[in-house]
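Novice: Before anything else, here's the structure in question.
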Amino acid sequence: MDFEPPFQGTCKTLLQNPTHYHDKLSDVDECELPVIDLNNLNFGHTEREKIVSEVAQAASQWGFFQVVNHGVSQEVVNNMQYEQKRLFRQPFPKKVENNLLNLSANSYRWGNPEATCLKQFSWSEAFHISTTEIPTMRTEHKSLRSTIEAFVKTLSGLARSIAEILAQPLGIKPVYFEENCPARTSYLRLNRYAPCPFSSQVYGLISHTDTDFLTIVYQDQVGGLEIYKDGRWLGVKPNPEALIVNIGDFFEALSNGIYKSIKHRVVTSQKVERFSVAYFYCPSYDVVIKSCGKPALYRQFTLREYKQQTQIDVQEIGEKVGLSRFLL
């Protein structure tokens, strides 16, 4: 198929050399993330305080939770699914050229051609889109652009609302996010996980934490998302009515470790492709992230400093180290 990235060709050496394999992926238990009904925000002070408590508890104990009655219509979700599939069906050479949508360099990503072992290789492809780039997308993709605009408009408001809920128990003023997370600083990532003949040994997305305040994810019903909790991996059961929210590194630092940015990954399927869309709620590059508690666990840093450190780590050891680099 001309739209499929050359996964097997690029990692041929890794796949043929048994010493480069992961330990075989083992079966994991399935879990259901906490579910928060955001419709209850409309039912007065008591119900709102209950939701604040539920969200804060999920963020501190799980680092992940689900929201229902989130305001993203099924029509928008369906349109996003349709347009996303059309986009990934474009010929691979066109996707690699980066001018398919008139996006910045490296917006289209797949696998990891520089991987030296399978634990560094992700069997997936993605379009990573800055919200500032959406209006400049090519006119021949007008339908995709309008669908993304509708999706992002809803998710940006939802992300800010959830961030403000999380801020309340920390004593952080709601205007913190209005002032430091303008709409232009966030990102959307369209993900496709291709069928993988080596699904017992290759991940769709390697283990990582997210570099942001929080991430909102829509996933299809194929499944494959796994989270690391209490020393073991758990498979997240898909919920067709819910969006998944997970805490990012910046909120863990801001909360002084109260909220948890936990490792997660995606496993592949041998026969079925999987799609998801992730919205990353980020601050401006030079906003200073400062722990709200005392004694502070983390030194102050900015998104710019964090990304620079991540680039250094990836170049030197092949993977992101993350928030532990900024511990005091």
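Novice: Per residue and in cubic angstrom, what volume does the convex hull of the Cα atoms of region 166-273 have?
Specialist: 122
Novice: How much mean residue ellipticity at 222 nm does the chain get from its helices, if each DSSP H run of length 4 or more adds -39500 (n - 2.57) and you divide by all residues, to the nearest 500 deg cm²/dmol?
Specialist: -9000 deg cm²/dmol
Novice: Between their Cα atoms, which of K173/K294; K119/K290; K142/K271; K153/K320 are more than 25 Å away from each other?
Specialist: Details: K173/K294 17 Å; K119/K290 32 Å; K142/K271 32 Å; K153/K320 30 Å.
With Cα atoms farther than 25 Å apart: K119/K290; K142/K271; K153/K320.
Novice: Another question, if that's okay. Loop-only trypsin sites (Lys or Arg not before Pro) in region 241-322, please: DSSP not H, G, I, E or B, and at most 13 other Cβ atoms within 10 Å.
Specialist: K271, K290
Novice: In the chain, what percentage of the DSSP-assigned beta bridges are antiparallel, given to the nearest 5?
Specialist: 85
Novice: Using DSSP H assignments, which helices in the chain have an axial alpha-carbon span of 18 Å or above and a mean Kyte-Doolittle hydropathy of -0.5 or higher?
Specialist: 142-167
Novice: Less than 19 Å apart at the alpha-carbon level, and either on another chain or at least 8 residues along: which aspartates and glutamates does that give for K95?
Specialist: Cα-Cα hits under 19 Å: D2, E4, E83, E114, E125, E133, E140, E273.
Novice: Output wanted: per-residue J couplings in Hz (rounded whole) for region 190-200, from phi through Karplus 6.51 cos²θ - 1.76 cosθ + 1.60, θ = phi - 60°, x for Gly and Pro.
Specialist: Running phi through 6.51 cos²θ - 1.76 cosθ + 1.60 with θ = phi - 60° gives 9, 10, 10, 10, 6, x, 10, x, 10, 4, 7 Hz.
Novice: Follow-up. Hey, can you rank 238-247, 126-135 by average C-beta count inside 10 Å, highest first?
Specialist: Ranked by mean Cβ neighbours within 10 Å, highest first: 238-247, 126-135.
Novice: Given a cut-off of under 8 Å on Cα pairs at least six residues apart, what relative contact order in percent is computed for region 189-328?
Specialist: 30
Novice: With r as the distance between the Cβ atoms of T13 and K50 and R0 = 45 Å, compute the FRET efficiency 1/(1 + (r/R0)^6) and round to 0.05.
Specialist: 0.25
Novice: If neighbour count is taken as other Cβ atoms inside 10 Å, put D212, D27 in order from fewest to most.
Specialist: Starting with the residue having the fewest Cβ neighbours, the order is D27, D212.
Novice: OK, next. Along the principal axes of its C-alpha atoms, what lengths does region 21-326 span, in descending order and rounded to whole Å?
Specialist: Per principal axis, max minus min of the Cα coordinates gives 52, 42, 38 Å.
Novice: For a Förster distance of 45 Å, can you work out the FRET efficiency between the beta-carbons of S207 and N99, rounded to the nearest 0.05?
Specialist: 0.90
Novice: Also, quick follow-up: From the phi of every residue in region 249-266, what ³J(HN,Hα) in whole Hz does the Karplus formula 6.51 cos²θ - 1.76 cosθ + 1.60 yield, where θ is phi - 60° and glycine or proline is x?
Specialist: After applying 6.51 cos²θ - 1.76 cosθ + 1.60, I find 4, 5, 6, 5, 5, 4, 7, 6, x, 5, 8, 10, 8, 9, 5, 8, 7, 10 Hz.
Rule-based calculations on the coordinates, nothing more; no lab input. Just so we're clear, the structure is a prediction, and the values are computed from it rather than from any experiment. We place every Cβ from the backbone using ideal geometry, glycine too, and count neighbours over all the protein chains shown.
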